[in-house]
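The values are calculated or read from the model by the stated rules, or taken from the named source; none is laboratory data. Note that the structure is a prediction, hence the values are computed from the model and not measured. Glycine also receives a Cβ, built like all others from the backbone with ideal geometry; neighbour counts cover every protein chain displayed. For accessibility, only protein heavy atoms count, side chains too; no ligands or nucleic acids. Shrake-Rupley method; radii C 1.70, N 1.55, O 1.52, S 1.80 Å.
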Amino acid sequence: MTRIRKLVAGAAAMMLAVGLAACAPSNRTQTTPSAGAGATADTFIFAGSSDPVMLDPSMASDGESFRVSRQIFEGLVSVEPGGTKPVPLLATTWTSTPDGLSHTFQLKSGVKFHDGTDFNAAAVCANFERWTNWTGLNQNENITYYYNKLFRGFRNPGEGKTTGIYEGCDAPSATEATIRLNQPFASFIDAMTLPAFSMQSPTAMQQYNADDTQGTEDDPRFSEYATAHPTGTGPFKFEKWDRGQQVVLARFDDYHGDKAKVAKAIIRIISDAKARTQELQAGTIDGYDLVAPADVQPLKDKGFQIKNRPAFNILYLGFNQNIEALKDLKVRQAISYAIDKDAIIRQSLPEGSKAATQFMPDMVNGYNPDVTVYNYDPEKAKQLLKEAGQENLTLRFAYPTGVSRPYMPTPEDTFVAVKAQLEAVGIKVEPITAKWSPDYLDMVQGNEGVNSRDIHFLGWTGDYNDPDNFIGVFFGVKGNEWGFDNPELFSALTAARQLPTKEAQEAEYKKISKLISDFVPGVPLAHPAPSLAFGKGVQGYEPSPVQDEVWNTVTVTR
């Protein structure tokens, strides 16, 4: 998922104290089901790390909002279990024209939204038309991140906006909808797996003023629909949201697919990672995400289940080429040779993590197994530093504190491992730390941080199977994070993005990955495998690479 924007991260930070309060013993019994030992429970309780920002997925971009949205809403397509290939959901089949400008979906019939509204082609068009017709504050990237990024504009663009690639939607029958684009978007079908493009009830959106976003781009006030009446077609329907405490969902008995096996699903807000572990051990939650690597074996030893989410991410060490020493390719190569990725994985990353050779995982279209690699070679690193005249190099090394990300579960531990490897080849390291948001993200990506650090940790969790969602995000244009201007790379990424089919794109993205590996903008370190922990009696929860888990198959015994 996208790197957390300031809006989302700020909201999570504001909820920290409240979330910690939710861990207090006096609150624990509020959602604990009354089932005897070994009895089947009618409630599944999962601990989230923060409140959702809001409950309208088209305006969300954070993992906790999407965790809730996946249960309430569905898109036209989903992804195969354990993978990233699109599979039918509300659409049964689809076809695309060779030029990539038209995509026709055959829709499942007999589907109802939670408010009784029919799901049909008119509802599909109503959702697409809603997105393109957003105005004012709703056109801001902080509010509608994914539509901005992928459709790149609006029908009535405001200042600094364009008309984008969406042309229109046709509904020739109740079970057929065609989406027309004015530019090719090869990964359009894959993008439709994102929660941001879920189908929502046109009736409920109109009744509760879904587009009535007030406030400012940095401090928005979302609509009544987005905070109290989200209405989809999913296996669970919204019941209530006690901010800072929990989101409660109830089984939707008229669901068109396999009905949920539990009557209720509850997402409890527990901000502190240690508190989540303690709550699992106490039996007051059934599972949680982002288990600290150090907690995995102790939980296993006590009989708890540990499941790894397939790694669809990248953790990297970024180079700031605004700094004179790092403009030298030999210095960047030297740092690359100094890094022992396998040791970093052993010392600081979850079991199942893989060493990275490039800035996207191997399940992404366009992954190139033949990129230039820089295998651990400290002697070669020393020689390159000598040739560059940088035998006394000192680097300011930035890393975040007080945060755990799917691609970076314990930044402090990973810093210790990398620092030791750099020092072993003669590079002096000055640590620079900052809280995740807004300080760290501002330092790494903002204007004020351009000259405040030399190297840094950051990463990315993929949204869907598209190389542009990885390397296009990182290297598509000149940015503050990397500090380089490489017109050849920028032009190649722009051209590849505009090709009409994924088949046409694959060869081009392989060339681009090789170009990036030769240019060495940073060190792709690893693809960490995030861990989830569950109680002994939880069955039916299978982690997805894109966090696409829907809980209708989950059962719980206590």
* Can you name the residue in segment 500-527 that is in contact with a Pro (Cβ under 6 Å, 6 or more places away or on another chain) and not aromatic (F, W, Y) and is also modelled with the lowest pLDDT among such residues? -> P500
* Asked: Which members of segment 169-216 meet the condition of being surrounded by fewer than 22 Cβ atoms within 10 Å (Cβ to Cβ) and in contact with a Lys or Arg (Cβ under 6 Å, 6 or more places away or on another chain)?
  -> Q214, G215
* Structure fact -> The lone condition N451 fails out of (1) more than 21 Å from the chain's Cα centre (by Cα); (2) within 30 Å of V87 (Cα to Cα) is (2)
* So which pairs qualify, if the first residue must be in segment 466-479 and over 18 Å from N368 (Cβ atoms), the second must be outside any helix (DSSP H, G or I) and open to solvent by 10 Å² or more (accessible area, probe 1.4 Å), the Cβ gap must be under 6 Å, and the two must be at least 6 apart or on different chains? -> K478/D485
* Do the conditions hold for V473, that is, is it in contact with a strand residue (DSSP E or B) (Cβ under 8 Å, 6 or more places away or on another chain), over 15 Å from P400 (Cβ atoms), in a strand (DSSP E or B) and among the hydrophobic types (A, V, I, L, M, F, W, C)? -> no
* Candidate set: segment 432-461, residues that are under 18 Å from P409 (Cα atoms) and of a type in the set (S, T, N, Q); chosen: the one least open to solvent (accessible area, probe 1.4 Å) -> T461
* Asked: Which pairs have Cβ atoms under 7 Å, sit 6 or more apart or on different chains, and link a residue in segment 239-256 that is within 19 Å of S271 (Cβ to Cβ) to one that is part of a strand (DSSP E or B) and among the aromatic types (F, W, Y)?
  -> V247/W241
* Restricting attention to segment 372-405, and to residues there that are assigned to a loop (DSSP other than H, G, I, E, B) and touching an Asp or Glu at 6+ places or on another chain (Cβ under 8 Å), which single residue is most open to solvent (accessible area, probe 1.4 Å)? -> Y376
* Between residues in segment 48-64 that are hydroxyl-bearing (S, T, Y) and residues that are open to solvent by less than 10 Å² (accessible area, probe 1.4 Å), which pairs lie under 6 Å by C-beta distance while being six or more apart or on different chains? -> S58/A196; S61/T2
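Conditions (1) surrounded by fewer than 23 Cβ atoms within 10 Å (Cβ to Cβ); (2) in a strand (DSSP E or B); (3) touching a Ser or Thr at 6+ places or on another chain (Cβ under 8 Å), marked per residue:
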| residue | (1), (2), (3) |
| --- | --- |
| D413 | yes, no, yes |
| E430 | yes, yes, yes |
| D463 | no, no, yes |
| G479 | yes, no, no |
| L489 | yes, no, no |
| A495 | yes, no, no |
* Of the conditions (1) under 30 Å from K502 (Cβ atoms); (2) assigned to a loop (DSSP other than H, G, I, E, B); (3) modelled with pLDDT of 95 or more; (4) under 22 Å from the mean Cα position of the chain (by Cα), F185 clears all except one; give me its number. => (3)
* Can you spot a residue in segment 512-532 that is of a type in the set (D, E, K, R) and crowded, with 19+ Cβ neighbours inside 10 Å? -> no
* **Meets criteria (surrounded by 16 or more Cβ atoms within 10 Å (Cβ to Cβ), polar (S, T, N, Q) and modelled with pLDDT under 95) for N365** => yes
* For segment 79-88, indicate whether the set of residues that are more than 28 Å from P361 (Cα to Cα), outside any helix (DSSP H, G or I) and of a type in the set (K, R) is non-empty. => no
* **Selection status of L55, assigned to a loop (DSSP other than H, G, I, E, B), modelled with pLDDT of 95 or more and aliphatic (A, V, I, L, M)** => yes
